[in-house]
Every structure is written in structure tokens, then in C-alpha cells.
Amino acid sequence: MRLVWGQLVLAMALLGGGLAGAQSQSSRIPVTHGTTLSGTQVTLPDDLRGRVGVLVLGFSKSSGDVCKGWGQRLAASYPASSGVMYYQMPVLESVPKLIRGMVVKSIRSGVPESELVHFMPMFAGESEWRKIARYANADDAYVLVVDGDGQVRWQTSGKVTDAGFGALKEQVAALRAPTSSSATK
């Protein structure tokens, strides 16, 4: 009996330690300050309060075209939505500082004027963003659907597909829908 009790206590301690570790691995996006290509100052997740955010991250030059596909669909689906904010976020921290200006100028030249407000180059926090995006392939786009508190509620990576974008839209709609408790009041 004593042996069983000792094993039970050990098992509970291990389980408790595992749960504590899982809780500390937050799925909340890092606090990020940036400026869009239109000059708008953005602070995430603060600027998402009361909205749903869709963030499309790219970690290499070759991921740009993959991100562009997601961005075009977002622009078509949420052109002037006050409830959905979306940003394409090329992560440029590892680009040498000497050439960052040229890289941003090159990116800007390929972005339609109406989409400049939705492009926010990132110059810091790459390791945090890689972790939250579950980075695996430099050539992929990493897409996060985030609630107003900055919690990642859905994510995917790779090229945009009809099924993938449909799933994204379902997640956005679910986050925008009033909760059942507020609907019954």
C-alpha cells in the first residue's frame, strides 16, 4: 500500500509539473510595435482590442509570394471591415541593417497603395514570432487568427488554398459572433 501511495504521489507531481509547463507556453502574440508602409503606428496586441486580427508572417524573401496570396484574399474579403484587422508582416530582423531600407523599398514597390496600411515590416522579435508561428520552413507563409486579447485561436502555414482560406473565414466569423450568453440577454 505504501509503495502504491508513493507512486501515486510521484505521478501527481510529474503530472502537475507537466501542466505547469504547458500553461507557461502561452499562445499569446508578443507585444510588438511597428509602423505600416503607410506610416500608421501599430502596437499589437493592444490595437486588436474588440477586433479579430489576422497576421500573415513571412520569414524570407521567397515567402513573399506565398504571403501575397493570403494578403490578396484578405483584402478581397475584409476591404473596410472595422471588426477585422489584418497585417502582412515580413520579418526582417535578420536582414543586415545596412540594406533594410532597400529591402523595404523593394517590398513597398510591389504593394498596391490601398494595401500599404496592411503591411508592417518587423525588425525585432523574430525568435518569438517563429515560436508562436511554429516555424518550420522559410518559404512558407504563417497565418495566425488572433482574438482581441492577442490569443492565437487558429493558425496554418503554407500556400493559400480555397479550403484553407475557408477555414480562416470560419474562424474569423466564429470570433466575431456574439457569445451565446450575450445573445440570450
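Could you list which residues have their amide H under 5 Å from that of ARG28, counting only those 5 or more apart in sequence or on another chain, with H placed in the peptide plane?
VAL152
For LYS159, which aspartates and glutamates qualify as cross-link partners when the Cα separation must be under 16 Å and same-chain residues fewer than eight apart are set aside?
Cα-Cα hits under 16 Å: ASP65, ASP139, ASP140.
In the full protein assembly as shown, how much of TYR135 is accessible to a 1.4 Å probe, in Å² to the nearest 10?
70
If the reach is capped at under 19 angstrom between alpha carbons, list the lysines near LYS97, excluding any in the same chain fewer than eight residues apart.
LYS61, LYS105
Considering only protein heavy atoms, what is the solvent-accessible area of SER157 at a probe of 1.4 Å, reported in Å² to the nearest 10?
60
Which value, in Å², gives the accessible area per residue of the stretch 103-158 when a 1.4 Å probe is used on the protein heavy atoms?
Per residue, the stretch 103-158 has 50 Å² of solvent-accessible surface.
Would you pull out the residues with amide H under 5 Å of VAL52's amide H, same chain only if 5 or more places away, H placed 1.01 Å from N?
Residues meeting the criterion, in which the H sits 1.01 Å from N, are VAL84, MET85.
Give me the Kirkwood hydrodynamic radius of the stretch 32-149, using the inverse of the mean 1/r over all pairs of distinct Cα atoms, in Å to one decimal.
14.3
The values are calculated or read from the model by the stated rules, or taken from the named source; none is laboratory data. Worth saying up front: this structure is predicted, and the values here are computed from it rather than measured. When the accessible area is computed, the model is the full protein with side chains, heavy atoms only, and any ligands, DNA or RNA have been set aside. Shrake-Rupley method; radii C 1.70, N 1.55, O 1.52, S 1.80 Å.
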